[in-house]
Amino acid sequence: MEIHWVHPKGLGEEERRLAEDRIRELARDRTDLIDVRIATHESGHHRHGGQEVRITCQARGKEIVAARMRPDTGQALNEALDAFEREVWRMRDRRTQERSSRPAGPPELGVIDEVFVGEDYGFILTDAGERVYFHRNAVSGGLDFEALEEGQRVGLNLEGGEKGPQATVVLPPPPDAPAP
């Protein structure tokens, strides 16, 4: 994760360091926060003039934005950080709930139909007879993309793609999976 400051006017080195420490602590042992930008600027708003701090974060599959405007830049930064932390925890809670509502294992079984190692993708023929695209990033569970062979049994999760169904996860088949 990288943290970038844009026009940090009105903030001392210590305030910036403490803010970065809070964000790094929030990201510790996680990989969902990718890039954080903290921008400060003087607001030209006719009633609510003051200093605005805007935190924008690219997270896996989502953008998180938290902004606060106060007369003091340090206060705006602290309140924006509080709001940012709340949004990160909301995102993580939603993902945990989504994960727990999914079925336990891959609902589909199939065999590797073709693998294009140099192109980073391949196709799986499902037990239902459907030819499904997969990208190397979908391969997990101890499988090695480069070692996949045609006819190899796999489990997979399907999702609608731009050109039809695609495998979002490709795993080894469960031990009790029937032969193809």
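Would a scan of region 103-111 turn up a residue that is under 30 Å from Glu25 (Cβ atoms), free of Cβ contacts under 8 Å to residues at least 40 places away in the same chain and either surrounded by fewer than 17 Cβ atoms within 10 Å (Cβ to Cβ) or under 27 Å from the mean Cα position of the chain (by Cα) (or both)?
The answer is no; no qualifying residue exists.
What number of residues within region 10-28 satisfy the criterion of being within 14 Å of Thr73 (Cα to Cα) and surrounded by fewer than 11 Cβ atoms within 10 Å (Cβ to Cβ)?
Summing the residues that are within 14 Å of Thr73 (Cα to Cα) and surrounded by fewer than 11 Cβ atoms within 10 Å (Cβ to Cβ) in region 10-28 gives 2.
Might you let me know whether region 29-39 holds any residue that is surrounded by 12 or more Cβ atoms within 10 Å (Cβ to Cβ), farther than 12 Å from Met1 by Cα and touching a Lys or Arg at 6+ places or on another chain (Cβ under 8 Å)? Write out each step before concluding.
Residues of region 29-39 that are surrounded by 12 or more Cβ atoms within 10 Å (Cβ to Cβ), as a first pass: 30, 32-39.
From the residues that got through so far, the ones that are farther than 12 Å from Met1 by Cα too are 38-39.
Okay, now just the ones that are also touching a Lys or Arg at 6+ places or on another chain (Cβ under 8 Å), so 38-39.
Checked against the condition, which is being surrounded by 12 or more Cβ atoms within 10 Å (Cβ to Cβ), farther than 12 Å from Met1 by Cα and touching a Lys or Arg at 6+ places or on another chain (Cβ under 8 Å), region 29-39 yields at least one hit.
Which residue, of Pro175, Pro180, is more than 26 Å from Gly61 (Cα to Cα), surrounded by fewer than 16 Cβ atoms within 10 Å (Cβ to Cβ) and free of Cβ contacts under 8 Å to residues at least 12 places away in the same chain? Working first, answer last.
Values: Pro180 fails: free of Cβ contacts under 8 Å to residues at least 12 places away in the same chain.
Answer to the check: Pro175.
What residue, of Arg92, Arg86, Arg136, Arg131, is of a type in the set (D, E, K, R), at pLDDT below 90 and surrounded by fewer than 18 Cβ atoms within 10 Å (Cβ to Cβ)? Walk me through it before giving the result.
Working: Arg86 fails: at pLDDT below 90; Arg136 fails: at pLDDT below 90; Arg131 fails: at pLDDT below 90.
That would be Arg92, the only listed residue that is of a type in the set (D, E, K, R), at pLDDT below 90 and surrounded by fewer than 18 Cβ atoms within 10 Å (Cβ to Cβ).
For region 147-180, which positions are part of a strand (DSSP E or B) and modelled with pLDDT of 90 or more? Step through it out loud before you land on a result.
Of the residues in region 147-180, the ones part of a strand (DSSP E or B) are 153-161, 164-171.
Passing the criteria: Arg153, Val154, Gly155, Leu156, Asn157, Gln166, Ala167, Thr168, Val169, Val170, Leu171.
List every residue pair whose Cβ atoms lie under 7 Å apart, where the two residues are 6 or more positions apart in sequence or sit on different chains, the first residue falls within region 118-131 and is farther than 12 Å from Glu108 by Cβ and in the same structural domain as Leu158 (by TED's automatic domain parsing), and the second residue, located anywhere, is β-branched (Val, Ile, Thr) and surrounded by fewer than 17 Cβ atoms within 10 Å (Cβ to Cβ).
Filtered contacts from region 118-131: no entries.
The values are calculated or read from the model by the stated rules, or taken from the named source; none is laboratory data. Computed from a predicted model, the values in this text were never measured in an experiment. Quick reminder, even Gly has a Cβ in these numbers, built from the backbone with ideal geometry, and neighbours come from all protein chains shown.
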